[in-house]
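The values are calculated or read from the model by the stated rules, or taken from the named source; none is laboratory data. These figures come from a predicted structure and were not determined experimentally. Positions of Cβ are generated from backbone atoms using ideal geometry, with glycine treated the same way; all protein chains shown enter the neighbour counts. Only protein heavy atoms, including side chains, enter the accessible area calculation; ligands, DNA and RNA are left aside. Shrake-Rupley method; radii C 1.70, N 1.55, O 1.52, S 1.80 Å.
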Amino acid sequence: MLLLLCSGICHLLILVFSSTNSSNSVLLQTFSLTTLDKRNGTSDSVASDYVNDLRSWVASLNASLYTGEWQNTFSFIYSNGGSSPPGVTDENNSYVMVLPFSKTEEKAFNDLAEDDKLSLLTLYEFLDVMVRFDGATCLQPLTEHKRADHELHQEKLYNQMKDSLESSWCRFITKKWSLHIKNTGPVLNTRLESKTSTNGSSPNKFSFSDFANGILIVYQVCNIAQGPFVMRGDVFHRIGGLHNGFGRMALLEFFVRSKGELKIAKLSNCSWTHEIARVDRGTLEGSNDVTEYAAFGNKFNILRIVTNNRIEWTTCVSNWKLCPEKPYVKPTELSSVAAPICCGIVLFQMLKDITWALTQLGVDYRVIYGTLLGAVRSQTVIPWTCDVDIALTKADYGNSSTYSSIAELLRTKGSHYYLGISYMGMPRGHMLMAPYIEVDTTLFFDGPDDLEGNNLLFSSDIEEAIQGMLPVSSGWRERRYVDFYISPSVWLNGSALAVINNEQFVTLKDIDYELTNWYGKDYLQPAHRGEWFGCLD
């Protein structure tokens with residue numbers, strides 16, 4: 001206890017010294033937090049006074065982040081293994097901030113947005129007192145929730161904060177071959193008692209030095225974070241830090257490796273900006289090698305990832321029993337919604353995305369070869385095919401900006417692709433996302449506290465369907481792709497519309513002539529009958 005009080009006094013003197021050396025300092029409130037949580041689950045009554053001009057403190061830290069106390073206290077870890085300061089491997093760092101994007105240059109704290117600096121310091125102060133937590137995070141960027149209006153009635157304010165907390169991941173478990181992530185979790189609250197008050201604090205950010213008059217602090221107890229998070233250095237290194245090769249799943253891989261044993265606080269009183277919450281593929285960024293889902297699935301024997309509004313699969317399925325050659329209709333029966341996704345559906349999504357982007361960019365295209373054959377024969381993507389085929393003008397085909405423009409446009413709507421020169425020196429398109437279906441998964445669980453899921457997630461049909469899906473293949477053909485070709489001038493003389501899964505796509509004018517030329521007079525007869533498996537030529 002004596003050591004704790006001495007530490008608190010030293011902390012207070014440092015903050016007072018910082019504020020007295022700031023020419024623009026604003027006198028902020030002094031707080032007393034009446035209880036201090038210990039990591040063993042007990043608590044002590046303490047008087048922990050904080051006198052701090054937070055913005056002046058941020059300014060002073062900008063000039064001396066890597067010197068003195070902070071050099072030995074805080075480090076920044078990036079999804080591609082980079083760190084700030086460079087080469088940070090010291091397991092004695094008190095805290096690490098883990099970022100879901102790649103380190104490309106020396107940035108870290110100095111170049112964070114002001115709001116993110118305040119959020120970072122919020123978490124630092126929270127963990128400094130709430131010692132039973134391994135780490136902490138803030139809300140995701142303000143697109144899915146509203147800022148808390150502190151003028152609301154207490155009950156309404158609490159409910160608003162709870163809704164905001166439940167807009168991002170909180171708890172997970174693995175069951176058999178399925179990973180379940182839910183946004184719900186225990187929501188607790190505490191109060192800070194004010195001794196004095198001014199109006200000098202930031203109105204949208206929580207800090208022990210920011211709120212007066214016993215403002216309610218609402219937080220969620222989780223075992224996973226979605227987006228940036230702060231963690232105690234010893235805990236982060238004990239788990240093994242971030243591992244390369246998992247792309248956009250790097251942070252998820254870290255938490256699954258922790259086996260759900262971490263205690264993470266998600267605060268409702270701070271939020272990240274879009275800039276710091278962005279996600280990339282880490283060491284795989286810019287690569288056409290889409291191996292992260294196979295790596296993740298095979299490491300943890302995971303095939304399916306169930307979240308609040310989405311079901312993803314680490315691979316697609318391709319066989320005669322599950323994937324007949326007929327137009328796709330989005331499933332409505334829950335047992336079918338939770339079942340593996342056919343690779344033909346993945347190809348159809350790729351076809352829709354890329355032709356949409358081509359149309360938006362004013363780029364002329366034609367659906368050709370096997371993709372056109374499937375449209376004519378069965379109005380769907382041939383289920384055993386490996387690719388979809390799109391012809392472009394010679395100028396567009398040979399222009400690298402065609403592919404980068406498509407990828408950038410798709411990125412703006414949340415779809416991630418590699419497009420450009422790929423395997424065998426051909427321009428190809430590769431989906432950088434898992435096969436998925438968007439669905440409200442509430443009915444798959446017995447209430448908000450259930451993580452296991454009910455029988456609908458593990459029906460006998462689904463258990464049978466997943467047989468043979470592990471290990472997950474990382475081969476580019478098995479993950480499906482788009483092939484681009486140069487269109488002869490005759491293909492551009494007129495056009496027709498091909499219907500695939502009740503959607504229309506631009507194709508060649510003389511369809512029968514071209515299909516006969518490519519596949520012979522019997523092109524309406526399927527190449528594979530009876531039982532078939534996988535990606536076939």
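Asp461 sits among other residues whose Cβ lies under 12 Å from its own Cβ, and their net charge, with Lys and Arg +1 and Asp and Glu -1, is -2.
Note on Ser404 and Tyr513: their simple-model spin labels are 3.9 nm apart, each label 7 Å out from Cα toward Cβ. Round to a whole number: what % of the accessible area of segment 314-419 belongs to carbon and sulfur, probe 1.4 Å? For segment 314-419, the apolar C and S fraction of the accessible surface comes to 52 percent. Across all Cα atoms of segment 378-453, the radius of gyration (one decimal) and Dmax (whole number) stand at 18.4, 57 Å.
Note on His430: accessible area approximately 10 square angstrom, rounded to 10, probe 1.4 Å, nucleic acids and ligands left out. Working from label points 7 Å from Cα in the Cα-to-Cβ sense, the Asp461 to Leu188 distance is 4.4 nm. Residue ranking by accessible heavy-atom surface, 1.4 Å probe, largest first, among Val131, Val490, Val218 comes out as Val490, Val131, Val218.
A compact globular protein would have a Cα radius of gyration near 2.2 N^0.38 Å; the ratio found for segment 433-512 is 1.83. Any of Lys299/Lys321; Lys117/Lys352; Lys175/Lys321; Lys266/Lys330; Lys175/Lys266 with alpha carbons more than 32 Å apart? Name them for me. Where the Cα-Cα span goes over 32 Å, the pairs concerned are Lys117/Lys352; Lys266/Lys330.
Annotation: peptides 436-442, 173-179, 328-334, ranked by per-residue average of other Cβ atoms within 10 Å with the highest first, follow the order 173-179, 436-442, 328-334.
Could you give the length gained by full extension between Leu361 and Ala496, i.e. 0.36 nm per residue of separation minus their alpha carbon distance, to one decimal place? Gain on stretching Leu361 to Ala496: 46.6 nm.
Shape class for segment 268-318, computed from the alpha carbon gyration tensor (a ≥ b ≥ c): oblate, with a/c not under 1.5 and a/b at or below b/c. With both labels modelled 7 Å from their Cα along Cα-to-Cβ, the Asn298 to His528 distance reads 2.2 nm.
Go ahead and run the numbers for FRET between Asp537 and Leu470, Cβ-Cβ distance against an R0 of 35 Å, rounding to 0.05. Let's see the in-between values first.
Working: r = 25 Å, r/R0 = 0.71.
Here the calculated transfer efficiency is 0.90.
In the context of the full set of protein chains, segment 361-488 has a per residue accessible area of 42 Å² (1.4 Å probe). When peptides 294-303, 372-381 are sorted by average Cβ neighbour count within 10 Å, with the highest value leading, the order is 372-381, 294-303.
Would you please give the FRET efficiency between Gln504 and Ile239, computed as 1/(1 + (r/R0)^6) with r the Cβ-Cβ distance and R0 = 56 Å, to the nearest 0.05? The calculated FRET efficiency here is 0.65. What base-10 log of the normalised intensity I(q)/I(0) is obtained for segment 285-386 from the Debye formula, alpha carbons as equal point scatterers, at q = 0.13 Å⁻¹? Once normalised to I(0) and log-transformed, intensities are -0.61.
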